[in-house]
Amino acid sequence: MSYQPGRMGIAEGMALVFIILLPRVFLTAPANEAAAVATAGWWVPIVAGLPAILTIIAWGYIFQHTPGDLYSVSEQLVGRVGAWVVTSICIGIFFLNAALLLRQFAENTLLTALPKIEFSFIVGWYAFVAALGARLGLEALARGTYLLLPISVFSLLIVLLLLASNYDTYNLAPWQGYGLLPSLKQGMHEAGFNVGALILVIIAPAMQNNRTFKWASILGIMGGVLIKAFSLMVFILVFGVAVASEKTLPFFEMARLVYLSHYLQRIEALFIILWVIVGLLGIAISLYLGAYLITRLLKLPALKPLIPLSAYIIAQLAMIPPDIATVIRIDGFVIANFFTTSLFILTPLLLVASMMKTIKKGGQSCSSD
């Protein structure tokens with residue numbers, strides 16, 4: 001791990017969590033939510049964020065009594081076989097996340113900016129740049145995301161606020177969409193969108209202390225959730241449910257509507273650069289985490305030799321689906337089933353094991369906040 005133990009602060013940790021949750025704001029997910037729950041789509045991300053925050057609070061308790069990272073804690077609590085299962089699931093989560101993001105961002109780049117470029121070249125370029133970013137290490141990724149964070153948030157908010165003249169408040173009625181229960185159910189299904197918040201669980205020894213871990217994770221989740229909720233609210237305000245559910249690139253379509261002056265138009269071209277950078281960072285971080293977990297699982301001496309091979313495998317996985325519609329369906333299925341199920345099962349399992357171990361030890365704490 002390139003970050004020395006105990007050196008990462010709240011700002012860097014929050015930026016890592018935020019940037020791994022942000023890429024899907026630029027993809028088709030907002031349109032899918034509008035189609036699934038109609039006008040309730042804007043508060044579904046908030047519901048989906050609550051399980052992730054509870055997960056971080058649970059991990060704060062676990063780390064307080066059993067310090068270490070994901071693999072070492074799992075090994076202490078559920079044994080070597082259990083640690084292998086938990087770590088293997090997390091490897092699958094981050095590699096699948098990287099592959100799905102890679103394919104969708106490559107497709108969107110072809111659709112919006114480079115329609116005449118060979119598809120495999122774009123996929124290979126994304127994989128190559130993401131591998132370079134992952135090879136630079138966690139410290140470079142953390143500092144890069146920390147520097148990009150204010151620019152990303154400011155740019156997103158500017159676009160959303162410049163669309164104020166296009167808002168139609170009637171498009172948000174009724175606020176409960178197709179019903180309160182279906183909206184809550186959709187929020188629970190989409191909890192897997194925030195599984196990337198486990199990044200600080202995996203690299204917990206790099207954090208300054210348990211309190212830093214908890215606040216960095218929670219602030220990162222809250223930032224990602226609120227940005228997505230506000231973006232989706234504006235999307236529905238501007239287009240309405242019927243039109244919004246048909247858009248392939250919601251944020252790009254919103255940026256196209258921004259009119260500054262007769263001499264300054266089509267600012268969406270500038271935002272293509274922004275979402276490409278955000279996408280590359282999300283892919284690079286997911287790639288790094290998957291390779292890091294393999295290193296911990298197999299007790300390998302070095303991480304960097306795994307990165308080129310992992311990037312190649314992810315690029316090949318990304319090119320398997322025949323078209324973007326299939327990729328979007330796979331993405332939704334993986335998030336609603338694999339990611340969400342893993343989030344709801346792994347952490348409670350380890351939390352119960354930690355509580356039982358703590359009771360046996362008489363409630364003694366192994367680490368301080």
Can you give the charge dipole size of the chain about its Cα centre, rounded to the nearest 20 debye, using +1 on the beta carbon of Lys and Arg and -1 on the beta carbon of Asp and Glu?
-> 880
Between 0 and 90°, nearest 10: helix 324-333 axis offset from the chain longest Cα axis | 40
If each K or R counts +1 and each D or E counts -1, the residues other than residue 206 whose Cβ falls under 15 Å of its Cβ total +2
Quote the charge dipole size of the stretch 69-165 about the Cα centre in Debye, to the nearest 20; the model charges only the Cβ of Lys and Arg (+1) and of Asp and Glu (-1).
-> 100
Dipole of the stretch 156-269, Cα-centred, from +1 at each Lys and Arg C-beta and -1 at each Asp and Glu C-beta, to the nearest 20 debye?
-> 320
If you take the charge dipole of the chain about its Cα centre, with +1 on Lys and Arg Cβ and -1 on Asp and Glu Cβ, which of 340, 88, 222 is farthest toward its positive end?
-> 88
In degrees from 0 to 90, rounded to the nearest 10, what is the angle of the helix 119-136 Cα long axis to the longest principal axis of the chain?
-> 40
Once label points are set 7 Å from the Cα along Cα→Cβ at both residue 326 and residue 309, what is their separation, rounded to one decimal in nm?
-> 2.8
The stretch 22-33 - phi-based ³J(HN,Hα) in whole Hz, Karplus 6.51/-1.76/1.60, Gly and Pro as x | 6, x, 6, 4, 8, 9, 8, 3, x, 5, 5, 5
Any of 214/357; 214/247; 185/228; 299/361 with alpha carbons more than 25 Å apart? Name them for me.
-> 214/247; 299/361
Highest-MSF residue in the chain out of 330, 320, 19 [GNM, Cα springs under 10 Å] | 320
May I ask you to evaluate 6.51 cos²θ - 1.76 cosθ + 1.60, the Karplus curve with θ = phi - 60°, for each residue of the stretch 100-111 and list the ³J(HN,Hα) values in order in whole Hz, giving x for glycine and proline?
-> 5, 5, 4, 5, 5, 5, 5, 4, 5, 5, 5, 5
With a 1.4 Å probe and every protein chain left in place, tell me how much accessible area residue 344 has, in Å² to the nearest 10.
-> 90
Among 171, 65, 350, flag the residue with its Cα farthest along the positive direction of the charge dipole of the chain, charges on Cβ as +1 for Lys/Arg and -1 for Asp/Glu.
-> 65
Taking the chain as a Gaussian network, Cα atoms linked when under 10 Å apart, which of 329, 143, 135 shows the biggest mean-square fluctuation?
-> 329
In degrees, nearest 10, the alpha-carbon axis of helix 138-162 is tilted away from the dominant principal axis of the alpha carbons of the chain by 30
Taking every other residue with Cβ under 12 Å from the Cβ of residue 220 and scoring Lys and Arg +1, Asp and Glu -1, one gets 0
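The values are calculated or read from the model by the stated rules, or taken from the named source; none is laboratory data. Here the structure is a predicted model, which is why all the values come from computation and not from measurement. Glycine gets a Cβ as well: all are built from the backbone with ideal geometry, and neighbour counts include every protein chain shown. SASA here: full protein model, heavy atoms, side chains in, ligands and nucleic acids out. Shrake-Rupley method; radii C 1.70, N 1.55, O 1.52, S 1.80 Å.
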